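Each remark here refers to the structure printed beneath this line.
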Amino acid sequence: MPPPPPPDDHRAGCSGEEPGGEEESILLRGTIEIQGRMPWSSNGTYLVTVTDRDEEIAAIYKPGRAERPLWDFPDGLYRREVAAFELARQLRWDMVPETVLRHDGPLDEGSLQRFVDADFEQHYFTLLEDEHHHPALRRMATFDLVANNADRKGGHCLLDRDAEIWGIDHGLCFHTESKIRTVIWDFAGETIDDNLVRDLERFEHQGPSSELQTLLHDDEVEAMVRRVRRLLARPRFPEPRSGRPYPWPLV
């Protein structure tokens with residue numbers, strides 16, 4: 001299945017949502033310079049600096065041509081990285097770092113995501129020990145159910161210097177078949193928080209944004225809507241299913 005056609009701009013537009021902030025604008029407009037390849041990544045993933053006038057930020061660049069083909073996901077995982085940010089934006093869940101689509105990257109088209117200055121000694125299993133983090137982790141678990149995340153490792157939960165939790169690495173999301181693989185099963189059987197349910201209700205009422213419809217295939221968008229409706233019909237965190245409910249490695 002070929003990827004959807006690229007949007008006219010470097011990223012999908014705002015479609016009535018609040019405009020992006022300064023860092024997102026830098027990601028969209030700035031000059032990209034590769035600093036090095038990130039270790040331990042299965043696909044080509046690069047640490048870059050993005051410079052716009054006198055402003056510079058660090059970012060993670062994932063070019064499409066550096067992806068390894070997968071038998072169960074179509075090409076264009078980098079587009080799913082952007083779609084994850086757009087989904088979080090529409091849900092108003094500030095949990096995915098700003099991520100944009102750039103057609104003019106140094107290694108051709110790819111995603112560009114703000115680098116999170118995190119405490120890399122922390123991950124899901126250490127964060128879980130502090131109940132203060134549980135609301136953010138429950139929100140992330142809910143997001144993964146909507147996005148159908150097939151690869152939520154512990155190290156994909158980052159704690160930044162302001163004690164905010166961010167989710168990264170969303171290339172294996174939005175499949176039409178159920179592929180949930182996650183380390184976040186500790187809330188299984190519990191009721192999803194009312195505030196998260198209200199956000200899902202708003203999303204279901206609005207429908208997926210034009211950005212999501214541009215970045216994903218029609219059947220993937222329809223499957224996402226069905227997942228939201230199932231959660232609204234039974235707002236509980238599911239139990240781990242049989243098969244492969246956990247990613248590997250766990251962290």
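The values are calculated or read from the model by the stated rules, or taken from the named source; none is laboratory data. What you see is a predicted model; the values in this text were computed from it and never measured. When we count neighbours, we look across all protein chains shown, and the Cβ atoms used for this are built from the backbone with ideal geometry, even at glycine. Keep in mind that these areas ignore ligands, DNA and RNA; they rest on the heavy atoms of the full protein, side chains included. Shrake-Rupley method; radii C 1.70, N 1.55, O 1.52, S 1.80 Å.
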Taking segment 122-163, which residues are acidic (D, E) and touching a Leu at 6+ places or on another chain (Cβ under 9 Å)? D151
Is segment 77-90 home to any residue that is open to solvent by 30 Å² or more (accessible area, probe 1.4 Å), out of contact with any His (no Cβ under 6 Å at 6 or more places or on another chain), at pLDDT below 95 and closer than 17 Å to W166 by Cβ? no
Extreme residue, modelled with the lowest pLDDT, among residues of segment 5-29 that are open to solvent by less than 60 Å² (accessible area, probe 1.4 Å) and within 20 Å of A66 (Cβ to Cβ): H10
Out of P69, P74, sole residue that is open to solvent by 50 Å² or more (accessible area, probe 1.4 Å) and either outside any loop (DSSP other than H, G, I, E, B) or not aromatic (F, W, Y) (or both): P69
Single unsatisfied condition, W93 versus (1) among the hydrophobic types (A, V, I, L, M, F, W, C); (2) part of a loop (DSSP other than H, G, I, E, B); (3) over 21 Å from G21 (Cβ atoms): (3)
